[in-house]
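Participant: Okay, handing you the structure first.
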Amino acid sequence: MAKERFEKPTGTQDVLPGAVEKWHVVEAKARDLCRRFNYREIRTPMFEHTELFERGVGETTDIVEGEMYTFKDKGDRDLALRPEGTAGVVRAYVQNKLYGEPDVSKLYYIGPMFRYERPQAGRYRQFHQFGIEAFGAVDPAIDAEVISLGYQFYKDLGLKEVRVELNSVGNAPSRAAYREKLLAFLRPMHDTLCKDCQRRMERNPLRVLDCKVDQDKFGDAPSILDSLDEECSMHFAKVKSHLDAMGVEYSINPRLVRGLDYYTHTAFEYKAAGIGTIDTVGGGGRYNGLVEEIGGPDQPGIGFGIGLERILLILENQGVELETVKPLDVYLVALGEAADLEITKQLFILRSQGISAERDYLGRKMKAQMKSADRLSARYTAILGEDELLDGVITVKTMATGEQRTIKLEELAQALAE
Ligand code: HAM
């Protein structure tokens, strides 16, 4: 009797050949973009001490309250699969004393993140982020640079209609002042709000504005922009000037509050239509207190995270074609046993010289092998028969034109490279 089959865990995805090439293109574009903007890659562990996220992301966030994959290892340590990239990068920045470097630390990462969320199109339990973080500068020009890098990423990919929404969540005193004003607005409607909002009102009232259920009730809510102090307003104004200087389009959304607790000043999101009810494809902001919170010196930071699954979904919905097809250079066909061995040798030589090459391993007839070469979009097929082997030559066929020529075996690699 057949054994029971396994299925992938809910909310995860297999990326198969045929789809993975799109990932390669998207990742290559991200890397090239970071090269141009002078951001360098950092790779941090996929799990960290749970407490890092509790302190970094914030105790009252949805992530820490209910979405983390936590576990104890055999040494009884409390660990968590990373739900996002920033906390780990900040930890690495502090632990490796990158703040000792004379220049601004500009870092990027691409990798899986894990959140126990209810899966739907564009929302998974394992998903991938392309993220950047810049440490050590309070200059609003870098806020604008970070926003513009994400903006350019969408442009480079050929995505249409991605909007940048911008807000300032101020510094701690501005936020405290706003919190009071907001609570004064929310308290009278307490009983009419959903359970989530009622709970958030006590713990994290700014997050109430983010509620999908009660959105419509907050039209008259006070704007955080009216509570910003002089320093915060100045910073915000300058971020906008730098964005204007680059021609990066954005709209101000004073109700934009991000789902993580570490933000100060600039907060932004990239929005696009096309994945059901989800419209956020990326988001980020400044986090001036986080490095200190995680045991480092008082160094400012700013960054974003962009969900790559969402990018790929929107690319598909918008019918954007990525250049993914990499045809095979050559398919080698052997006729007879002696030729078969020579083909093995030639295959290895070609591959070692950078040429992509394939052969048959299923004992198929020549016709079936030629079909296989077609399926692989091989540019050439090279056919070796017994007679040719004796003469030390091989027949090379250009698939596009059908043209055939005979080439010395030892010149095959060079001829194909040309
Ligand atoms: P975030 O808004 O939590 O921010 O996530 C950033 C992006 O990751 C989202 O906009 C979305 O595209 C993607 N994402 C989040 N959760 C899921 C999910 N369950 N399935 C698929 N995609 C998802 C952060 O993570 C911050 N660390 C960003 C940041 C960096 N802020 C400053 N620096």
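Participant: Leaving ligands, DNA and RNA out of it, report the carbon-plus-sulfur percent of the accessible area of the chain at a 1.4 Å probe. Present the calculation step by step, with values, prior to reporting the outcome.
Facilitator: Numbers: 10850 of 21820 Å².
Carbon and sulfur together cover 50 percent of it.
Participant: Counting helices only, and only those DSSP H runs with n ≥ 4, report the 222 nm mean residue ellipticity of the chain as the sum of -39,500 (n - 2.57) divided by its residues, in deg cm²/dmol to the nearest 500. Let's see the in-between values first.
Facilitator: Details: 13 runs with 145 residues, N = 418.
When only DSSP H runs of four or more count, the value is -10500 deg cm²/dmol.
Participant: Now a separate question. With springs only between Cα atoms under 10 Å, which of T264, T61, T395 fluctuates most in a Gaussian network model of the chain?
Facilitator: Maximum among the listed residues: T395.
Participant: Once you charge only the Cβ atoms, +1 for Lys and Arg and -1 for Asp and Glu, what is the size of the charge dipole of the range 330-417 about its Cα centre, to the nearest 20 debye?
Facilitator: The dipole magnitude comes to about 480 debye.
Participant: Then there is this: Hey, with R₀ at 56 Å, roughly what FRET efficiency would H49 and L376 work out to, going by the Cβ-Cβ distance, to 0.05? Please list the in-between numbers first.
Facilitator: On the way: r = 47 Å, r/R0 = 0.84.
Efficiency at R0 = 56 Å is approximately 0.75.
Participant: With label points built 7 Å along Cα→Cβ from the Cα atoms of E292 and N38, find their separation and express it in nm.
Facilitator: In this crude label model, E292 to N38 measures out at 2.7 nm.
Participant: Hey, if you put +1 on the Cβ of every Lys and Arg and -1 on every Asp and Glu Cβ in the range 330-417, which of L376, G392, M366 ends up farthest toward the positive end of that dipole?
Facilitator: L376
Participant: Next question, about the same structure. Out of the GluC sites (Glu not before Pro) in the range 29-120, which ones are loop residues according to DSSP with at most 10 other C-beta atoms within 10 Å?
Facilitator: Within the range 29-120, no GluC sites (Glu not before Pro) qualify (loop, at most 10 other Cβ atoms within 10 Å).
Participant: Which residue fluctuates the most in the chain, going by a Gaussian network model with Cα springs under 10 Å, if the choices are K72, K155, K371?
Facilitator: Ranking K72, K155, K371 by mean-square fluctuation puts K371 first.
Participant: For K160, give me every one of the aspartates and glutamates with a C-alpha distance below 12 angstrom, ignoring sequence neighbours fewer than eight places off in its own chain.
Facilitator: Answer for K160, where 12 Å is the Cα cut-off: E316, listed by chain and number.
Participant: Please list D76, D210, D360 from largest to smallest accessible area, probe radius 1.4 Å, with all protein chains kept in place.
Facilitator: D76, D210, D360
Participant: Give the calculated FRET efficiency between L16 and D387 to the nearest 0.05, with a Förster radius of 51 Å applied to their Cβ-Cβ distance.
Facilitator: Efficiency at R0 = 51 Å is approximately 0.75.
Participant: Rounded if a/c is under 1.5, else prolate if a/b beats b/c, else oblate: with a ≥ b ≥ c from the C-alpha gyration tensor eigenvalues square-rooted, which is the range 330-417?
Facilitator: Cα axes put the range 330-417 in the rounded bin.
Participant: How many percent of DSSP beta bridges within the range 330-417 run antiparallel, rounded to 5?
Facilitator: 55
Participant: Given Cβ point charges of +1 (Lys, Arg) and -1 (Asp, Glu) and nothing else, what value in debye, to the nearest 20, does the dipole of the chain about its Cα centre take?
Facilitator: 660
Participant: Moving to a separate point now. Of the residues I110, I252, I63, which exhibits the maximal mean-square fluctuation in a Gaussian network model of the chain defined by a 10 Å Cα contact cut-off?
Facilitator: Among I110, I252, I63, the largest GNM mean-square fluctuation belongs to I252.
Participant: Can you find, among L209, P140, G284, the residue farthest towards the positive end of the dipole of the chain? Put +1 on the C-beta of Lys and Arg, -1 on that of Asp and Glu.
Facilitator: Working it through, the farthest residue towards the positive pole turns out to be L209.
Participant: With a Förster radius of 30 Å, plug the Cβ-Cβ distance of E202 and R31 into 1/(1 + (r/R0)^6) and report the FRET value to the nearest 0.05.
Facilitator: 0.10
The values are calculated or read from the model by the stated rules, or taken from the named source; none is laboratory data. Treat the numbers as computed from the prediction; the structure is a model and nothing was measured. Ideal geometry is used to build each Cβ from the backbone, glycine not excepted, and the neighbour counts take in all protein chains shown. When the accessible area is computed, the model is the full protein with side chains, heavy atoms only, and any ligands, DNA or RNA have been set aside. Shrake-Rupley method; radii C 1.70, N 1.55, O 1.52, S 1.80 Å.
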